[in-house]
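Accompanying notes for the structure given below.
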Amino acid sequence: MPQDDGTGSASATSTVIQGDCLGIIAADLPWAELAGKTVLVTGAAGMIPAYAIYTLLALNDAHDLGITVLGLVRDVDKARSRLAIDPTRPDFTLIGGDVRERIAIKATVDLVIHGASPARPSLHVASPVDTIRTNVDGAFNVLDLCVASGNARFVLMSSAEVYGQQPLDGNLVAEDSYGAVDILNPRSCYTEGKRAAETIAISYHAQYGVPVTIARFGHIFGPGMALDDGRVQADFAADIIARRDITLNSDGSSVRTYTYVADAILGMFYAILLGSDTAYNISDSEGFVSIRELAQAFTQARPHYGLGVRFREGVDTTRFNAVKGLGLDDSRLRGLGWTPFVGLHAGIDHTLAWHEEQVTSLGSTS
């Protein structure tokens, strides 16, 4: 099992991940539709794409579906160490390549799950050109591959950021609720890049007939999440693993929908296998909580550590507004029959358990 170096290494041999995958493939979905298919997953070493790969391989193990899984990554050696999938498996191959360039693979693919994108907020600030180029050029190049493969199905891992600015009234945002974006703010590189990728996908559907599913992920957490990711769910996990109190830099009143990665991947496959709409919010409305509540949930997941939630000096906690923010409406996805099988609180436990597995593994190999 690989060491947890804070970069978000994930291992398919993890007992947590194995249990998650068994829960995903236990869902009553027409999994047989994937039998014999060749599936390309881009950005394969990322947390969410990796879980898609683990799920596909688990389907082969449990149901002998004969799915061929290809993982496109920029650094094969790094990805191999992070994924830790048995290199002798005949049903999985890592391929080196950058989605910003023409994708040259010999295989004809049936399904592409496009997850390659700079995800960390710090990258959006430091490298806005690279961020938008990866999302825009990547969409064109991956969709060209779909056309060359005879109109392979294209699944875009998009983002809640496409909704832009919304009223801070605590409402859940549906798939047709688009707000404004400040296009002169370089931080909009990610938002506009994802919006463009969605439009590019729909354009390929209109002109070439490429089947398209857009999965708009909310705030996702789970195994493989880097502790230095920069988002609050990663910061809180890092605090618990280090056994230190969580310190909030605000009053913690902002609310978002936080979704465990296994629930999110199951939702994506519901959209792929049962969905008739183009876009689906991949988010658990039951995880619609404030940052303060999320922090408390992380500390309560390990009560024996005796940790608490503190506030940075000078933060005014007297004006707490529990509806300052927004989340994603999951009604369309639930209409397909999807329900989260892990949920927020158990998901936090799974996330911490996975990181604890990595620490234990590191100690046993040192």
Would you confirm whether or not the stretch 175-196 contains a residue that is on the phi > 0 side of the Ramachandran plot and either of a type outside the set (Ser, Thr, Tyr) or part of a helix (DSSP H, G or I) (or both)? no
Given (1) under 30 Å from ILE202 (Cβ atoms); (2) crowded, with 18+ Cβ neighbours inside 10 Å, ARG292 misses just (1)
Could you say whether any residue in the stretch 166-173 is small (Gly, Ala, Ser) and part of a strand (DSSP E or B)? no
Counted residues, the stretch 207-233 - those being over 24 Å from PRO121 (Cβ atoms) and of a type outside the set (S, T, N, Q): 5
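Residue-wise test of (1) farther than 23 Å from HIS304 by Cβ; (2) not aliphatic (A, V, I, L, M).
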{"position": "GLY209", "(1), (2)": "yes, yes"}
{"position": "THR213", "(1), (2)": "yes, yes"}
{"position": "ALA226", "(1), (2)": "yes, no"}
{"position": "ARG244", "(1), (2)": "no, yes"}
{"position": "ASP251", "(1), (2)": "yes, yes"}
Go over the candidates GLY222, GLY218, GLY164, GLY230 one by one and state the one that is under 21 Å from TYR270 (Cβ atoms), under 22 Å from the mean Cα position of the chain (by Cα) and at pLDDT below 95. GLY218
Are there any pairs, at least 6 apart or on different chains, whose C-beta atoms fall under 7 Å, with the first in the stretch 187-206 and under 14 Å from LEU123 (Cβ atoms) and the second hydroxyl-bearing (Ser, Thr, Tyr) and in a helix (DSSP H, G or I), and if so, which? CYS189/THR131; TYR190/THR131; GLY193/THR131
Do you know which residues across the stretch 259-289 are surrounded by fewer than 24 Cβ atoms within 10 Å (Cβ to Cβ), touching a residue at least 60 places away in the same chain (Cβ under 8 Å) and charged (D, E, K, R)? ASP277
Assuming GLU161 fulfils every condition listed in (1) assigned to a loop (DSSP other than H, G, I, E, B); (2) among the acidic types (Asp, Glu); (3) touching a residue at least 24 places away in the same chain (Cβ under 8 Å) apart from one, which condition is it? (1)
Screening GLU198, GLU192 for residues that are at pLDDT 95 or above, acidic (Asp, Glu), buried (at least 16 other Cβ atoms within 10 Å of the Cβ) and within 23 Å of LEU336 (Cβ to Cβ) leaves only GLU198
When the residues of the stretch 106-139 are narrowed to those that are closer than 15 Å to GLY43 by Cα and among the hydrophobic types (A, V, I, L, M, F, W, C), which ends up surrounded by the most Cβ atoms within 10 Å (Cβ to Cβ)? ILE113
Any chance the stretch 135-142 includes a residue that's farther than 25 Å from THR199 by Cα and acidic (Asp, Glu)? no
Pull out all pairs, ordered by first then second residue, where Cβ-Cβ is under 8 Å, the residues are six or more apart or on different chains, the first lies in the stretch 134-157 and is in contact (Cβ under 8 Å) with a residue 24 or more places away in the chain and part of a helix (DSSP H, G or I), and the second is buried (at least 24 other Cβ atoms within 10 Å of the Cβ) and among the basic types (Lys, Arg). ASN135/LYS194
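The values are calculated or read from the model by the stated rules, or taken from the named source; none is laboratory data. As the structure is a computational prediction, the values presented were derived from the model and not from experiment. So basically every Cβ, Gly included, is an ideal-geometry build from the backbone, and we count neighbours across all protein chains shown.
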